[in-house]
Each structure stands twice: as structure tokens, then as C-alpha cells.
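Novice: Dumping the structure here so I can ask a few things about it.
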Amino acid sequence: MSIIFYSLLALAVLALIFGAVLGFASIKYKVESDPLVDQIDALLPQTQCGQCGYPGCKPYAEAIANGDEINKCPPGGEATIKNLADLMGVEPKSLDEAHGEEDVKKVAYIREDECIGCTKCIQACPVDAILGASKLMHTVIVDECTGCDLCVDPCPVDCIDMVPAPSNNKYWKWDQVLIPTKTIN
Amino acid sequence: MQSDLTLLEQVKSGKIWGFPGGIHPPERKHLSNQTPIAQANLATHYYVPVKQHSGKEGEVLVKLGDKVLKGQPLTKPSTGLSLPVHAPTSGEVKEIKPHISAHASGAPELTLIIEADGKDDSVPAQPFNDWQAPETDALIEHIKSMGIAGLGGAAFPTYIKAHPAHDIELLIINAVECEPYITADDVLMRYHAEEIIEGVEILLHTTGAKLCLFAIEDNKPEAIEVIKKACEHKNNIDVRVVPTKYPSGGEKQLIQLLTSQQVPSKKLPIDLSIVMQNVGTAFAIKKAVIDGLPLTERVVTVTGESITNPQNLWTKLGTTVEDLVAQCGITAEKDQRLIMGGPMMGFNILDSQMPVVKATNCILAPSKYHVPPRGVEQACIRCGDCAAACPAELLPQQLLWYSKSQEHEKLEEYDLFDCIECGACAYVCPSQIPLVQYYRNSKAEIRQAEEDKAKAEKARIRFEQRQARLEREKQARLKRHQEAAERRRQALNQDDSAKDKIAAALARAKAKKQQQSEAPKETGKLEDTSTAVDNSTDAAPNQAIDPKDKVAAAIARAKAKKEQKAKQALENSKSEQAPYAESKSSPTHEAQEQATDEKTPEQIKKERVAAAIAKAKAKKAKESSNENEQAAADKSTMTEESITDKQDVDASESQALKTPEQIKKEKVAAAIAKAKAKKQQAKHNADTLTEQGNE
């Protein structure tokens, strides 16, 4: 009888100790945010375009972490889907057409003659890439523009175009021909 | 790890090691090295790109229409890796605009277009006489201001390599020129050996190297001979003749050939205390330092089977390919290709207006027979020839697979970035796979991906900061609104005039209502009320005051306040206004007014409702009392209550500074009391009437 009593006592004491240790660890070593969300967020293109149906890349990353589909990001395209599939350990899927198609990287361009200075595009830009003030001409900081398209709709005079991002020689791919070839005689 | 001493000892033994791989393509150098260096004709227009070196472009110093002289700097180096460019001849700056660049892409770059005036006048030479002084900073600055860049092909600014932060043991002069067809360095050595050795001595001085190795491939016997003769009495310059093999002119390959050391992956020769300079650069340094001439021309080989007179030309930088080729003559075959650089590493010239820049060493117009165009790509048969040919000991097949499937991580794992793009693998490939193209694309993709990632990170930070800013602004707005509301409330509490206005408005509204409600009964009951006033006890005065009087008083007060406010402008201290208000208001109102002071609009409203109800009750009671006498007993009890209530009313008058709720209750009670008193009075009157009647 006493054996049972002591063994139960020992177990109870152990359980208390481990419980206390685990409880302490869960408070002391608490991870502030979900690291998976940050990892997913790091793979997303950060255009903040909202084409996935979420208000930005971070919310979509959270949604993916909670089991949403990984093929809703047109700016990231197949490469992002592949990376996400690797990270999440699922099969890569083709891009969900409902959210848009993969396109060349574009940047916004404001036709400055037509701009009336309404600041609506400035408010729409998720990365503060548009410069300007009320009743003054606005312009896009090309280096900061993510090509998210969000400034196009609010423009009351439709003076914003999405143009292919300028390429430079540094990252020129050798199979691209940028100028028409001229035959010399 | 070998010490530097052993490095020098090893090197001094004169041994030539080797490097793995390599190929032996037909050299075809005899086409262009048979004649001395000719002078290119003076063209009408020169297209001088602002950026002709690796690094950053300088600031443009000239304006449209400026007259420039030969050797005049056109740009000023900006911060970082930057070099100036100089006018190649005298003339006028006609245009400053993007023009086809001397790059495989031909992507337009900012170019100064100079119209030559034909005189070719130059600015005075600025020789640096005291170059042997121990302090080399001024000399380095001079080399920089003369715009000297590596003339071997990469056009890396020479002043950086001429004055390395690292201690240098060994200087290697690269005169290997392993690429087929090109003979620019060969003829330069043949005709300017002495000057080259002078340049080498300047480089030895600036770098502090103990030994210079002058490496020449053994297919240039004439050059070897003159160079050996030129440095006969220089005991710190050794000529090394290396066997002909492509790509022994590659920086890392040549180091391996001469020192047996491999430059580690992602490291530079400088980490081995070695610096390498092209022979043309040494000559340009001599010209800049001793003759005082900036880099405005270089030797360019114009060669190929289709060129009528293949030769080497002193070509001013900015000369178009068209002008050069026209001078040498061309018999173009069908689909004639023009290549800038050699057949192995050069690129197709997309537009004949492409200018010659500091890095341009050859314009090649080969025949299809000798340099066949790229054939149709076949599947890789895994023969392994490419791996055998690779001088960097990479695995070209694996790199091809991963390039095709865009597995960037794998590519980096297989050291794609150690590929020197020499093209040996593609040259030996039986399936005619353009391997180097794949590698170049993959490199570009990886760099692009890295840049995109950096950009995405930047965008994320900007997005998050924007969100934070919006949140901050929202909070600030909210706080501002709250503060404004608080201020309004305080102002309401402090400012009597506002309260009085409200009180006045309330009083007006009350009066109106009362008037309306009293209108019907006024006809008959006015007398009764007046008698009641006389008969009533303590509560009577409070009640008896005509509402109209109250209204009048309140309005008067409000008006007075307004006037005062207008007078005192911003001054709204209570202490001044309160007595003023008191003096105007009758003592009976004082309590009420003070009570109103502490009331919120809701309370006032309630009070009004209570008053209205009371009035309505009174009216009903009057009517009922007039008609009905049966309720006499009940009412007498009520009268008793009303007496106690009346006392309460007195209390409310005296204890004005009670909490709003109490005051409210009191007010309600007072109102009820008033109503009851009225009723009682009415009843009393009726009673007396009936009594009188009975009597």
C-alpha cells in the first residue's frame, strides 16, 4: 500500500515540477509572432496590391499560414508559388486565374500634363511612392513603385498608366534584344 | 598556407604551372598583326558614352554647343568607383542624349555627341614629372583624372588597382591575349615596348610590388623579343612566356599558370597579394603620367575574313563601328555578323552606330566558315566534354540543368558565379548548346532576384511604416477630437454666457409651453391663482412668479452677457461675470439659476418634461376639481404631503450647490409640489365655494 502511495506521490511531484517548468518556459520563451507568417511574408513580392483578396502581403501570409491557397499572388507568379509550396510542404499549383495573370513587372507612370493634383493616388499608394501636393502635379518614384495598380482606379482623370519597368544593363538577360537589330552591308 | 616569401621564390624559379581545361581554337591572329598600327581617320562625329568603365558615371561638365578641345574632361568623377571621360578630338558638343551603348544589349546610355571640327587641337599636356616621389597619392589622383580604366575588357578603374589598400607582392602584366583574332596587345608591344615598360615601372612604384611578371603567350614571338629586350636591365621585371591555350588570359587562370595558386571562390587576386594589369593599361599609364595625355584613344583590331584590310588602328574613343569598318573596308557576306570583342567572348553588334569605348579591343567581321553561327541546339548527350574544357573546374552539365529549371539555390551551390563565361564549354559542345548564354541568363536572374528581394524588403518596410504612420495620424486625430470636445465641455462649464444662453433658450421654450398650456385655463382661473398666491405659505413666492417674468429676466441676462462679452472680448472669467449676473437676476432666481448651472442638457430636458407633466397634471386636477368633489379626502392627504414638499423646495433654494441629481430630484419635487399646491388651492377654492354654497 505504501509503495502505491509513494509512487503516486512521486508522480504527482514530478508532474508538478514539469508543469511548473513548462509553464515557466511558455511564458519566458514565448514567441512574439508566428514565425511561419514572417517566413511566408518574406517570400511574397510585397507589392501590397491586394489582388489576392487580402489587404496587403502580410494579411495574405497570415491567411496562408491558416490554410489558404498559395496560388493567389499574380505579381509573384509561378516562382513565388513554387517557393511557397516548398515552404509549406505542399504541391505547387498553377496560378489562380481568378486573381489575375502573371505579367511583366510594371511601374505606374503619371502623365504629368493631365494630372490635376487631386492627391487621390497618393492616398491609394501603399508604399508612398507617389510624390505631390494638392493642386500640384504628382509624380511616381519609379524605384519605389511596386506596380500594384492601386493608384490607377482612384485617378479621376485617368492620367496614370502602368508601363513595363525600365530594365538596365546590369541585369540584362542575354536572350533579350532591347533594340531592333540592323543589318550592315 | 604558403608565405609570401615562398610565393615570390616559387615565382622567381620561372616555372610555368598550368590550369585545368582550356581549348585551342584556331588563332587567326596573322590576319591583323602583319602591319604597324595605323591611325583611324578623323570622323565627323564622336559618340562618347558618359560611362565607359565599371562603376558609376561621372557628372557631365559640358553643355550643348560648348567648344571642346582634345583631351578636355567632359565629365567629373562622382563619388565611388568613377572615372572622367575626355573629348577625343576638338569640336562642338552637338547633343547629349541616350545613344546605343557598347553593350551586348545595345541599351541606350547617356552619350555626348561631339562634332569634330577637323583641327584636332588638344589641351596642353599635363605630365606628372615627379612620379618617382615616395608619396603616391597625387600620382594616383593624376591617373584617375586621366580616366585610365583597365583596357583588357572589364574597364575597371585603374586607380583603384594601382593603389590597393593591401600590400602587394606581385604585379602581373597580362599580355597573353588568348582570344583568337585579336592582336591589339601584340602590335602595341611590338611598336611600343619601351613605353610599356615605363608604364610597368610606374605601376610597380604605385603598387609597391616587389616583382613584375610580364606574361606573353608563345604565339607572339616578335612581341616577346622586343619586350625581353626592353626589360633586359630591369631586374624586377621578368618576362614569362606561357603556352598558347584559351583562356590563359583570364585573370584567375593566368595567376594559376604563373604562381600555381588558385584565387579562392568569391575572393580577388588582391587577397593573394597579387595585382594584374593589362599591357594596354600600362601603356596608357605611361602616356598619362609621362606624356600627360588622358585616355582618349586605344588600339582596336579590326579584323575578320570579311574585312578587306584587317589591321590595328589607333582609334579615338567614341568612333562608331561604322566609321572604323568603313576605313578598313568590308566585303559583307550574306547575314554578315559584326562582333565587338573576340569570337569567344564578344557580342554581336546590333547597330553600326555603336561607339568604341575604353573596353573595346576588337571589331570582328568573321566569315561563316571560320566562326560559324550558332547551330540548332540539340539535347545534351552527357558526353562530359564541357566539364573537361572548363578552366574553372565547374560542372557545366549540372549548371545547364539547373539553369533550365531555374533552381537558383542549386546553381549557387554549384558555384555558378565562379564561371568566367569564357565559352570553352559551348565551344566543345557537340550538341551546340549555348551554355554560356544559359549561365549569363541565370546570373542575371539571380542578381535580379536578389535585387527584387531587396526591393520587396524595402517595399515591405515602406508599407509597414506607412501603416504605422496612418495609425499614428488616426490616433492623433482621435485625440484632437477628444480634446476639442473636452475643451467645449469645459468652456460650457466656465462660460456663463453660453449657459445663460441655454438657460434663456430653455426658459423661452418653457414659457412658450406654459403659455400654450395655460391659455385655455387663463380665462377663468386667473383670479383663483392670484388669490391662491396670497393664501399660500412659504412656497407661494416661488410658484407665484409669473413665468413671463422669468423669461424676461433670463433674456435680459443673456443680453447683458452678450454685451459684456462683446466688451470684454476674450475675457470670460467667472468671477467678474457672476456678480454681474447676480445683480441683474432677482434673488428668487438665484437658486434656480445656480441649479441650472450644474445641469446637463439632459437633466434640463428631464426637468422640462417633469415640469410639463406637472403642468398637465395641474390642469387635469383643476378640471377634475371643478367637476368632481369626491376626491376631497385624497387631496387633503396630498395637501399634507405638499407641505412637506414645500419645505423641500425651501431647502433646494437655500442649498443651491447640491449635486445635479439631487437638484434635479428637488426640482422635480418642487414642480410636483407646485402642482399639488395649485391643485390644493383649486380644491380649496372649490371647497370654499361649495361650503359657501352649502352655507
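Novice: Near the amide H of B:E95, under 5 Å away, which other amide H atoms are found, from residues 5 or more places off or on another chain, if H is placed in the peptide plane?
Specialist: Amide H to amide H, under 5 Å and 5 or more residues apart or across chains, B:E95 pairs with B:I113.
Novice: I would also like to ask the following. Let me know the Kirkwood hydrodynamic radius for the stretch B:297-337, please, with Cα pairs as the basis and the value in Å to one decimal.
Specialist: 10.6 Å
Novice: In nm, to one decimal, how far is the B:H481 label point from the B:H30 one, both placed 7 Å along Cα→Cβ?
Specialist: 9.1 nm
Novice: Take the alpha carbon gyration tensor of the stretch A:35-99, find the square roots of its eigenvalues, order them as a ≥ b ≥ c, and report rounded if a/c is under 1.5; if not, report prolate when a/b exceeds b/c, else oblate.
Specialist: rounded
Novice: Next up: Looking at the square roots a ≥ b ≥ c of the eigenvalues of the Cα gyration tensor of the stretch B:248-373, which shape do they give, rounded for a/c under 1.5, prolate if a/b is larger than b/c, or oblate? The partial results should precede the final answer.
Specialist: Numbers: a/c = 2.73, a/b = 1.46, b/c = 1.86.
Oblate, since a/c reaches 1.5 and b/c is not below a/b.
Novice: What ³J(HN,Hα) values, in whole Hz, does the Karplus curve 6.51 cos²θ - 1.76 cosθ + 1.60 give for the stretch B:319-326 when θ = phi - 60°, with x put for Gly and Pro?
Specialist: 5, 7, 4, 4, 4, 5, 5, 4
Novice: In addition: Extent of the stretch B:392-474 along each principal axis, from alpha carbon coordinates, in Å, largest to smallest?
Specialist: 68, 19, 19
Novice: Moving on to the next point. With label points built 7 Å along Cα→Cβ from the Cα atoms of A:Q123 and B:L395, find their separation and express it in nm.
Specialist: About 5.8 nm separates the two model spin labels.
Novice: Quick check: the distance between the Cα centres of the stretch B:83-107 and the stretch B:4-39, to the nearest angstrom?
Specialist: If you average the Cα positions of each part, the centres end up 33 Å apart.
Novice: Just counting partner chain Cβ atoms within 10 Å, what average do the residues of peptide A:36-44 show around their Cβ?
Specialist: 1
Novice: What does the charge add up to near A:C151, with Lys and Arg as +1, Asp and Glu as -1, over the other residues with Cβ less than 15 Å from its Cβ?
Specialist: Within the 15 Å Cβ shell, the charges total -3.
Novice: Turning to a different aspect of this structure: I'd like the FRET efficiency for B:Q494 and A:Y29, computed as 1/(1 + (r/R0)^6) with the beta carbon distance as r and R0 of 60 Å, rounded to 0.05.
Specialist: So, using R0 = 60 Å, E works out to roughly 0.65.
Novice: Sticking with this structure for a sec: For every other residue with a beta carbon closer than 10 angstrom to the beta carbon of B:K458, add +1 if it is Lys or Arg and -1 if Asp or Glu, then tell me the sum. If you can, show how the numbers build up before the last one.
Specialist: Values: positive: B:K453, B:K455, B:R460, B:R462; negative: A:D143, A:E144, B:E457.
That works out to +1.
Novice: Decide, for the stretch B:146-237, between rounded, prolate and oblate: order the square roots of the alpha carbon gyration tensor eigenvalues as a ≥ b ≥ c, take rounded if a/c falls under 1.5, and otherwise choose prolate if a/b is larger than b/c, else oblate. Don't skip to the end; give the middle numbers.
Specialist: Working: a/c = 1.91, a/b = 1.27, b/c = 1.50.
Cα axes put the stretch B:146-237 in the oblate bin.
Novice: Oh, and also: Once every Cα of chain A carries one equal point scatterer and solvent is ignored, give the base-10 log of I(q)/I(0) from the Debye formula at q = 0.15 Å⁻¹, two decimals.
Specialist: Results for chain A at q = 0.15 Å⁻¹ read -0.99.
Novice: Give the long-range amide H neighbours of A:K106: residues separated by 5 or more places, or on another chain, with amide H under 5 Å away, using H modelled in the peptide plane at 1.01 Å from N.
Specialist: Result for A:K106 returns A:A165.
Novice: Same structure again: Can you put B:K513, B:K63 in order, fewest other beta carbons within 10 Å first?
Specialist: Placing the least packed residue first, the sequence is B:K63, B:K513.
Novice: Can you give the extra length, in nm with one decimal, that the chain gains between A:S134 and A:A42 once fully stretched, where that is 0.36 nm per residue apart less the Cα-Cα distance? Kindly include the intermediate steps, with their values, before the conclusion.
Specialist: Values: separation 92, 0.36 × 92 = 33.12 nm, distance 3.50 nm.
Contour length minus the Cα-Cα distance gives 29.6 nm.
Novice: Could you list A:D113, A:D103 in order of exposure, starting from the residue whose Cβ has the fewest other Cβ atoms within 10 Å? Could the numbers behind the result be given before it?
Specialist: Values: A:D113 7, A:D103 13.
The fewest-first ordering by Cβ neighbours comes to A:D113, A:D103.
Novice: Once the Cβ-Cβ distance between B:K266 and B:E457 is put in as r, and R0 is 22 Å, what FRET efficiency do you end up with, to the nearest 0.05? It would help to have the intermediate numbers written out before the result.
Specialist: Numbers: r = 22 Å, r/R0 = 1.02.
So, using R0 = 22 Å, E works out to roughly 0.45.
Novice: Summing +1 for each Lys or Arg and -1 for each Asp or Glu, what net charge is found among the other residues whose Cβ lies under 10 Å from the Cβ of B:E393?
Specialist: On the way: positive: none; negative: B:D415, B:D418.
Local net charge: -2.
Novice: What ranking do B:W314, B:W131 get, fewest neighbouring Cβ atoms within 10 angstrom at the top?
Specialist: Starting with the residue having the fewest Cβ neighbours, the order is B:W314, B:W131.
Each reported figure results from applying straightforward, stated rules to the coordinates on display, with no laboratory input. Computed from a predicted model, the values in this text were never measured in an experiment. FYI the Cβ positions are ideal-geometry reconstructions off the backbone, even for glycines, and counts take in every protein chain you see.
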